[in-house]
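Trainee: Below is the structure I would like to discuss, written out as structure tokens.
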Amino acid sequence: MDKPTLIKKIKVLESLTNNEKADLIQLLTNKKKYGLVWEDKPEDVEKEMLTMLPVLTEVPERNIIAKELIPSAAFTESTEQNQAVPDESESSTELSISAFSGEIQTEAPNHILIEGDNLHSLTALSFTHESKIDLMYFDPPYNTGNKDFKYNDNFVDKEDSYRHSKWLSFMHKRLLISKRLLSEKGVIFISIDDNEQAQLKLLCDTVFGEENFIANIIWQKRTSPDSRRILGPAHDNILTYGKTNAGYENLNLVSLSEEQEKAFKNPDNDPKGPWVSSDFTAQGFRPNQMYEIITPKGNKYLPPEGRCWKNIESVYRQQLKDGKMWFGIDGTSMPRRKTYLAERKGAVPWTWWDHKSSGNNQEAKKEIIEILGKATAFDTPKPIRLLKKIITISSESESIILDAFAGSGTTLHATMALNAEDGGKRQCILATNNENNICEEVTYERNKRVIQGYTNTKGVQVPGLINNNLRYYRTGFVPSARTEVNRRLLTTASTELLRIKEDCYNDITLSNGFDPKQCSVCTNDLGKYLVIVYHSRKQHEVINRLCVFIESISDLSEKVKVYAFSAETEVLLEDFYPVAKKINAVPLPDAIYNAYRAIFKTLKLEKKTYITSSPEEELAIDTNGSASENQPESPELNEEV
């Protein structure tokens, strides 16, 4: 019997639940010949998205804005120090001001911290950042069985027979969304230990493709053996993948280590400075690279058997003329080619990262204590040097970086530190839950102090990295049923998503005479404007006033992005006809529905059924917008996304 016939028979079987039917059909249609197989285990946070759509809600009192820092921070620090050391008030004031010195730039990067389950956060980011993330670093739970991994609010222990399936289900969903967020040149680095390394490698091969595997980096996380083990683990794996081959091609060199720099000498007092020499032969036989070379002392050399010179003779003679050939201190040795220290832009990174170049776990714990003044419940932070190395290798000066397992917030700290060193404007997005208050008391508090400055455990004042904005959000929800009321609610709730998407945060709604309940007007202060029009009885009147406002903008650097409650783009353009050439119009809330529908298809939520409050009520989601035939007739469920 063929598969389609079997599937039809399974669908009409009355003795099976919809869950059982779906499982049988999935097994029947699985065409995989090789790879990882696991049983999908649904999450509560996943089922929640069948009826509720995630949005982001700003927590304004936690925002840290660069242009607000110098006056308040400098004044506060100088006042405190003057009170503490009255005889040295002048020097104390100078110290505090220097700690917060530097011009605050209006284009300071906007970093984002999202408090909430990262499946919801990633889904929300699918609307704001699809194909925009250049670098992801993930440090997920390692699933050791020692209370490090929760699934549906329960720790997964070593005796759980579904331990690996739960972890793979958890990771698979998040990696699928992450792939959509990566830019074409984007790369992802994932830390893992031996508990799930093999499974994660196969999973990533499936999600990203074996051809986009870049490397498995071995990072020395310990400098002393674990006495609890016969063979003490000293390393973590960092699996690295690109979304495409471009991810590999865009990796950068790393700085030379002190040991590498020491290898450069200048025994002949070359005016070009220190150098190292390398073999001038290459493997193989190429007739035009088999010429005779005569040293300054008259010694004659041909390439050794089975090898040839690295370059053709004309190139060799030019290098000889440029003083780049070395024949030993006495001028009689086999030719070698010089490479000058001044020419070296960096070194090709290896896959072995020792603690000397990349830090270790103990160093990371000390960093947390130095900043927060105490140890935290989070006992597996990553060191700043490790993240700086990853960011250096895989980002450019204005890259967007995402860490969806933010933990102690090292990724943001490293991003800001690297920006301060090289003048970059990299943006970093963090997402983490708030279990044990980690988001508020560790992730946020750490980076707040890094930006504003802090006093370490030795009593030394550490200057703040003040040219950074940090904006704090929590995940919220809007009912997914596409009723008119919910469409209006989602449009209103989309404000923060749209500000993040367009990187426009300066709200100038009230200052331009508009009602915040009717519309929102924002700018980045660099000629970019965002307009959001909510549903109201005076919507047409508001649009007419907005047309006058848009026409009056004198510093416009690009078209105004207009999002408005509307059925379609053509209607919007008609409404904004007087300024149609100066705007890009997007109807709401369909733009958000469409982004989320794509994620639901990616996660195959449209094919999953879950038991709800009673066995008789089964909820299914259909990405075409209609309820399944097994869905109860309920006005709340008839128009799911």
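The values are calculated or read from the model by the stated rules, or taken from the named source; none is laboratory data. The shown structure was predicted, so the numbers you read here are calculated from the model rather than taken from an experiment. Note that we place each Cβ from the backbone using ideal geometry, even for glycine, and neighbour counts take in every protein chain shown. These area figures cover heavy atoms from the full protein model, side chains too; ligands, DNA and RNA do not enter into them. Shrake-Rupley method; radii C 1.70, N 1.55, O 1.52, S 1.80 Å.
Trainee: Compute the acute angle (0 to 90°) between the alpha-carbon long axis of helix 89-99 and the principal axis of greatest extent of the alpha-carbon atoms of the chain; round to the nearest 10°.
Mentor: 80 degrees
Trainee: Would you list which aspartates and glutamates come within 13 Å of Lys356, measuring only between C-alpha atoms, while excluding same-chain residues fewer than 8 positions from it?
Mentor: Qualifying aspartates and glutamates at Cα under 13 Å: Glu258, Glu259.
Trainee: So which aspartates and glutamates pass the test for Lys3, namely a Cα distance under 15 Å, with those fewer than 8 places away in the same chain ruled out?
Mentor: Result set, ordered by chain and number: Asp23.
Trainee: I'd like to know which of Phe264, Ser557, Pro463 lies farthest towards the positive end of the charge dipole of the chain, counting +1 on Cβ of Lys and Arg and -1 on Cβ of Asp and Glu.
Mentor: Phe264
Trainee: Enumerate cysteines in the chain without a disulfide-compatible partner, where compatibility requires another Cys Cβ under 4.7 angstrom.
Mentor: Cys204, Cys308, Cys428, Cys439, Cys519, Cys547
Trainee: So what are the ³J(HN,Hα) numbers for the range 402-417, from phi and the Karplus equation (6.51, -1.76, 1.60; θ = phi - 60°), rounded to whole Hz, Gly and Pro as x?
Mentor: 10, 10, 8, 10, 5, x, 7, x, 4, 4, 5, 4, 5, 4, 5, 5
Trainee: Near Thr475, within a Cβ-to-Cβ distance under 10 Å, what is the net charge of the other residues, with Lys and Arg +1 and Asp and Glu -1? Before the final figure, lay out each step's value.
Mentor: Numbers: positive: Arg474; negative: Glu115, Asp117.
Once all neighbours under 10 Å are counted, the net charge is -1.
Trainee: Still on this structure, please answer the following. Find how many whole Å separate the alpha carbon centroid of the range 265-312 from the alpha carbon centroid of the range 172-205.
Mentor: 44 Å
Trainee: Another question about this same structure. So which lysines can Lys147 reach, going by Cα to Cα under 24 Å and dropping same-chain residues fewer than 8 places off?
Mentor: Lys41, Lys47, Lys158, Lys166, Lys173, Lys201, Lys221, Lys365, Lys366, Lys374, Lys382
Trainee: So for the chain: antiparallel DSSP bridges make up what percent, rounded to the nearest 5?
Mentor: 60 percent
Trainee: Continuing with the same structure: Cα centroids of the range 374-404 and the range 2-62: how far apart, whole angstrom?
Mentor: Distance between centres, Cα-based: 34 Å.
Trainee: Which pairs break 29 Å Cα to Cα here: Lys150/Lys179; Lys8/Lys601; Lys243/Lys582?
Mentor: Lys243/Lys582
Trainee: Now for a separate question. Where the accessible area of the chain is counted over protein heavy atoms with a 1.4 Å probe, how much of it, in %, is carbon and sulfur?
Mentor: Summing carbon and sulfur atoms, their accessible area is 50 percent of the total for the chain.
Trainee: Taking only protein heavy atoms into account and a 1.4 Å probe, give the accessible area per residue of the chain in Å².
Mentor: Per residue, the chain has an accessible area of 49 Å².
Trainee: I would also like to ask the following. In terms of solvent-accessible area of protein heavy atoms at a 1.4 angstrom probe, what is the ranking of Thr223, Thr523, highest value first?
Mentor: Thr223, Thr523
Trainee: May I ask you to list the GluC sites (Glu not before Pro) in the range 527-571 that are in a DSSP loop and have at most 12 other Cβ atoms within 10 Å of their Cβ? Each step should come with its number before you reach the end.
Mentor: Details: sites: Glu541, Glu551, Glu558, Glu568, Glu570; in loops: Glu558, Glu568.
Passing both the DSSP loop test and the Cβ count: Glu558, Glu568.
Trainee: Once the Cα atoms of helix 197-208 and of the chain are each reduced to a long axis, what angle between those two axes, in degrees from 0 to 90 to the nearest 10, is obtained?
Mentor: 70 degrees
Trainee: Enter the Cα centre distance for the pair the range 495-523 and the range 525-601, rounded to the nearest angstrom.
Mentor: First find each Cα centre; the distance between them is then 12 Å.
Trainee: Which trypsin sites (Lys or Arg not before Pro) from the range 337-383 combine a DSSP loop assignment with at most 15 other Cβ atoms within 10 Å?
Mentor: Lys345, Lys374
Trainee: Taking only Cα atoms, what is the 0 to 90° angle, nearest 10, from helix 361-372's long axis to the longest principal axis of the chain?
Mentor: Computed tilt is about 60 degrees.
Trainee: Give the long-range amide H neighbours of Ile508: residues separated by 5 or more places, or on another chain, with amide H under 5 Å away, using H modelled in the peptide plane at 1.01 Å from N.
Mentor: Long-range HN contacts for Ile508: Val521, Cys522, Thr523.
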